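Student: This structure is in structure tokens; I'll ask about it shortly.
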Amino acid sequence: QESMNPEDEVDEFLGRAIDARSIDRLRSEHVRKFLLTFREPDLEKKYSKQVDDRFGAYVACASLVFLFICFVQIIIVPHSTFMLGFYLTCFLILTTVVFVSVIYSCVKLFPAPLQTLSRKIVQSRTNSTLVGVFAIILVFLSAFVNMFMCSTVDLASCMAAEYNITPDRVDICLISNLTSNYSLGTLQGFCDSPSPNCNFPEYFTYSVLLSLLACSVFLQISCIGKLILMLIIEFIYVLIVEVPGVNLFDNADLLVTAN
């Protein structure tokens, strides 16, 4: 490529600067900064009618996040029939949604009922948003639902009852001396609990953070909608951690400190 002379370079630079300034001016005049919507209702209505034929790709990305979460949970969390059944069900549902959504791109190759269903989902902003939120909820549930299969017996109370002492006398030294019975490698529930121990509950938190990526891929959901959805997800998870799952994390802290 031949080098441009200084005058042409200056002209090109000024042209780009003017174009960028014009775009910024149009954006400030017609778009709300925080909501990222058009100020004029007619323009917003026209934009909302635009069909986003990449909806199937969004669901596929959410499904990929779901598979990563499954991979982490299967390695870290003790296996159960519930885990297998729930993950298989979610996988089949997400695969079906991806399949139906992708049909829109090659609609003539499939039966009429599937074509109609695909059009109703992809061509409707409301329907595609509802399906997207449903997919996000499935991914979110897959991140922490196995927590309810873990033992939530209080380790300090369990050891206090076993050695006939008060719970406040259970300390790190006592646990360190009993590593054969109480350690991070112990999968059997404490105090003969029928549920297994989940000694690495922090991976539930990592999985929930990973599930938030599923919110970002659905471009047809507004920024405010994504923010509200993520806040609800985090609030629900914090509530679960602080109420039914608090012993799970307290036990893990004791075992990590003692070992």
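Student: For region 50-125, which fully contained helices (runs of 4 or more DSSP H) count at least 3 residues that are modelled with pLDDT of 90 or more and surrounded by fewer than 16 Cβ atoms within 10 Å (Cβ to Cβ)?
Tutor: Filter on region 50-125 gives 55-76, 81-102.
Student: Right, here's the next one. With the requirement that a residue be surrounded by 14 or more Cβ atoms within 10 Å (Cβ to Cβ) and over 30 Å from residue 197 (Cβ atoms), what does region 223-234 give you?
Tutor: Across region 223-234, the qualifying residues are 225, 226, 229, 230.
Student: Looking at region 206-259 only, could you name the residues that are closer than 20 Å to residue 61 by Cα and without any contact (Cβ under 8 Å) to a residue 24 or more places away in the chain? Reasoning before the result, please.
Tutor: First, pick out the residues of region 206-259 that are closer than 20 Å to residue 61 by Cα: 206-223, 225-227, 229-230, 233.
Correct list: 209, 212, 216, 226, 227, 230.
Student: Could you check, for region 201-213, whether at least one of its residues is at pLDDT below 90 and part of a loop (DSSP other than H, G, I, E, B)?
Tutor: no
Student: So residue 130 ticks every box in (1) part of a loop (DSSP other than H, G, I, E, B); (2) of a type in the set (A, V, I, L, M, F, W, C); (3) at pLDDT 85 or above but one. Which box is left unticked?
Tutor: With respect to (1) part of a loop (DSSP other than H, G, I, E, B); (2) of a type in the set (A, V, I, L, M, F, W, C); (3) at pLDDT 85 or above, residue 130 is out only on (1).
Student: Please state which of the following conditions residue 165 fails to meet, knowing it meets all the rest: (1) part of a loop (DSSP other than H, G, I, E, B); (2) among the hydrophobic types (A, V, I, L, M, F, W, C); (3) assigned by TED's automatic domain parsing to the domain that holds residue 80.
Tutor: (3)
Student: Could you list all residues from region 235-259 that are part of a helix (DSSP H, G or I), surrounded by 14 or more Cβ atoms within 10 Å (Cβ to Cβ), in contact with a Leu (Cβ under 9 Å, 6 or more places away or on another chain) and not small (Gly, Ala, Ser)?
Tutor: 241, 247, 250, 251, 254, 255
Student: A follow-up question, please. If you check 26, 14, which single one turns out to be closer than 29 Å to residue 227 by Cα, at pLDDT below 65 and either exposed (fewer than 11 other Cβ atoms within 10 Å of the Cβ) or touching a Lys or Arg at 6+ places or on another chain (Cβ under 8 Å) (or both)?
Tutor: Answer to the check: 26.
The values are calculated or read from the model by the stated rules, or taken from the named source; none is laboratory data. Small disclaimer: the values here were computed from a predicted structure and weren't measured. So basically every Cβ, Gly included, is an ideal-geometry build from the backbone, and we count neighbours across all protein chains shown.
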